[in-house]
1. Taking helices (runs of 4 or more DSSP H) that do not extend beyond the stretch 1-102, which have at least 2 residues that are in contact with a Lys or Arg (Cβ under 8 Å, 6 or more places away or on another chain)?
2. Got a sec? Which of Gly281, Gly186 is within 23 Å of Thr296 (Cα to Cα), in contact (Cβ under 8 Å) with a residue 40 or more places away in the chain and not acidic (Asp, Glu)?
3. Would you mind telling me which numbered condition in (1) out of contact with any Ser or Thr (no Cβ under 8 Å at 6 or more places or on another chain); (2) among the β-branched types (Val, Ile, Thr); (3) surrounded by 15 or more Cβ atoms within 10 Å (Cβ to Cβ) Thr296 fails?
4. Out of Ala184, Ala205, I need the residue that is part of a loop (DSSP other than H, G, I, E, B), touching a strand residue (DSSP E or B) at 6+ places or on another chain (Cβ under 6 Å) and surrounded by 18 or more Cβ atoms within 10 Å (Cβ to Cβ). Which one?
5. What do you reckon, is Glu228 assigned to a helix (DSSP H, G or I) and under 24 Å from Pro181 (Cβ atoms)?
6. Evaluate the following for Arg244: is it in contact with a Gly (Cβ under 9 Å, 6 or more places away or on another chain) and either open to solvent by 50 Å² or more (accessible area, probe 1.4 Å) or at positive phi (or both)?
7. List pairs: first residue in the stretch 80-102 and over 12 Å from Ala40 (Cα atoms), second residue assigned to a helix (DSSP H, G or I) and of a type in the set (Lys, Arg) anywhere in the structure, Cβ distance under 9 angstrom, at least six positions apart or on different chains.
8. Would you mention how many residues in the stretch 73-98 are open to solvent by 20 Å² or more (accessible area, probe 1.4 Å) and of a type outside the set (Ser, Thr, Tyr)?
Amino acid sequence: MNAMTETEPFVHPALFYRGEQEYLAGTVPFVRAGLDAGEAVAVAVPEANLELIRAALGEQASQVQLLDMTQAGRNPGRIIPRVLRAFADAHPTRRVRIIGEPIWAGRTETEYPACVQHEALINLAFRGREATILCPYDALSLEETVLADALATHPTIIESGTQDTSAAYAPEAVVSRYNQPLKAPGDAPSMPYAQESLPDARHAAARRAAELGLPESRLGDFALAVAELTTNSVVHGGGVGALRIWSEDQYVVCEVRDAGLLTDPLAGRRPASRDQRGGRGLLLVHVLADLVRVHTSPAEGTTIHCYFER
């Protein structure tokens with residue numbers, strides 16, 4: 001792999017790999033170069049790839065924060081605040097070097113739009129930061145459309161040992177393209193709410209989730225997510241909204257819909273500062289849920305779907 005020329009503070013290449021040999025050739029030297037430069041290094045990739053890197057690093061693995069991305073980044077909206085920024089913010093005086101693999105062959109069609117938006121939003125979240133984030137893509141297992149999206153979300157691409165500029169780089173266009181309308185099943189009843197009915201909406205949602213098979217151990221998180229979203233609707237979304245609950249595959253899904261507009265593309269994906277007023281509700285929802293999908297537009301308002309595995 002050609003040496004990366006870090007003329008900008010933030011560097012965000014994608015690595016297209018084919019097989020274990022190319023994977024290790026693209027990741028292990030990257031990690032070792034960071035350690036040699038005195039950088040803080042983290043690796044967040046699916047478990048099988050994590051074990052490959054751990055074994056190849058040998059004793060050096062103890063100098064690297066190693067995370068299973070299928071757990072830490074199961075909800076793509078959680079990766080920036082709880083994985084990438086959490087690591088970078090823990091090393092404020094050092095450049096950080098991270099391998100993050102948020103898209104793998106097991107990702108579902110429901111998860112994928114949030115994954116692509118995550119990759120695009122990394123560029124905004126780390127603008128001006130002293131960081132290098134390398135994102136591997138399995139070019140043998142992933143569809144061509146996924147690789148095409150990677151060209152649009154990463155300014156540079158590494159393939160077959162060569163690094164090139166991506167002529168298709170357009171992260172803002174990707175965020176907009178995957179800002180897709182979200183629909184609930186036609187038989188899912190709509191429950192309107194306002195300020196005075198917020199407790200009733202929360203309790204009704206928890207009861208319905210229990211009826212649909214959500215385990216008792218998750219009902220508290222579900223109710224808290226509903227409370228945060230509906231309260232945000234009342235405060236920021238015009239004072240009223242509508243709530244729907246249904247089952248979908250292995251999930252219980254909560255929909256909150258209102259007339260508000262989310263103007264910050266990183267809403268819910270950036271850590272809240274200590275003195276910040278507001279902005280914590282959607283972040284908490286990303287932490288609680290297994291998946292969060294958002295659609296927002298001036299004409300349609302904002303719809304949020306939260307998925308909790310049964």
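The values are calculated or read from the model by the stated rules, or taken from the named source; none is laboratory data. Not measured: the values here are computed from a predicted model. For neighbour counting, all protein chains shown are included, and Cβ atoms are generated from backbone atoms with ideal geometry for every residue, glycine included. Side chains included, ligands, DNA and RNA excluded: accessible areas come from the protein's heavy atoms. Shrake-Rupley method; radii C 1.70, N 1.55, O 1.52, S 1.80 Å.
1. Per the criteria, 19-36, 85-89.
2. On the way: Gly186 fails: in contact (Cβ under 8 Å) with a residue 40 or more places away in the chain.
The match here is Gly281.
3. Among (1) out of contact with any Ser or Thr (no Cβ under 8 Å at 6 or more places or on another chain); (2) among the β-branched types (Val, Ile, Thr); (3) surrounded by 15 or more Cβ atoms within 10 Å (Cβ to Cβ), the lone unmet condition for Thr296 is (1).
4. After applying the criteria, what remains is Ala184.
5. On the way: assigned to a helix (DSSP H, G or I): yes; under 24 Å from Pro181 (Cβ atoms): yes.
The answer is yes for Glu228.
6. no
7. Sorted first by the residue in the stretch 80-102, then by its partner, the list stays empty.
8. Counting residues in the stretch 73-98 that are open to solvent by 20 Å² or more (accessible area, probe 1.4 Å) and of a type outside the set (Ser, Thr, Tyr) gives 12.
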